[in-house]
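For reference, the structure discussed in these notes is given below.
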């Protein structure tokens, strides 16, 4: 009786413990749910701004000489070297051109020139003839019926044999192509004279194929034609600015007589003289295929045509030739057209 009571009591205590456990699980608060803000959208990097389109080359393929034209002025207005212009048109005297004369404005054979680009004819090299010291018999097909292939070779490509009448006769019988004429070296070896000195060694049999001439594709500059490191050509006050409407093709910089005039950028002197009316003693520097600069009214010129100059190198002395005061008239021309130098020069 006592044992049954104890068993009942143990079962009752276990039931209470289980009930308490279940109640604790129901009363436990759920884990809090945190609301997170959505991640910001990743913006793609801004697209690179498209480079501004460059002005196309407006220069014509030909130019008809008008009254009052000079070869110097025509070259300046088209951004060219007057000596090259004379050469392209077979002009011997640059001071003599005729009204109505049609000038070619680019090198013959260049793209865009009259007649188009020059095409190069196909040049084929002659077959290499073996020297007198070796004979190359024709390929021999082995008894197996398989000839030489890149992956299967039964015979060498060529067999070097000393020259003999027997080898020459064998070559004539085996090959349908007549052999090359016997060289002087071969004749000497076949029938050497008694008192004849030994013949000179023939040139090597390996003859390099003739290379076709390269087509003229025009100048390929090492630097961007639109990017030049410009500097002021002289110190002084700008007394006249650029104006397309007033036909002011450059700027005028006032100064003292004899002050140095320097190259605004590196280039080649394509003109130095007094042949352009209204410019006095003038220097023109061609910087690349796009830009040239002009320096006018100089007292003295310190450079010669064809001379290479560096940026900042003295090229003249300021003066008043063909001007009413001492000043430097400075122009920058793009493809021959005057542009505002202030847009290219650094801030004063």
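Brief remarks follow.
- Residue within the range 288-305 that is touching a residue at least 60 places away in the same chain (Cβ under 8 Å), closer than 18 Å to residue 72 by Cβ and surrounded by fewer than 18 Cβ atoms within 10 Å (Cβ to Cβ) present: yes
Quick grid of which residues meet (1) within 26 Å of the chain's Cα centre (by Cα); (2) surrounded by fewer than 22 Cβ atoms within 10 Å (Cβ to Cβ); (3) modelled with pLDDT of 95 or more; (4) more than 12 Å from residue 255 (Cβ to Cβ):
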site	(1), (2), (3), (4)
308	yes, yes, yes, yes
313	no, yes, yes, yes
320	no, yes, yes, no
347	no, yes, no, yes
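- The listed residues are 256, 227, and the only one of them that is loosely packed, with under 14 Cβ neighbours inside 10 Å, at negative phi and at pLDDT 95 or above turns out to be 256.
The values are calculated or read from the model by the stated rules, or taken from the named source; none is laboratory data. These figures come from a predicted structure and were not determined experimentally. Positions of Cβ are generated from backbone atoms using ideal geometry, with glycine treated the same way; all protein chains shown enter the neighbour counts.
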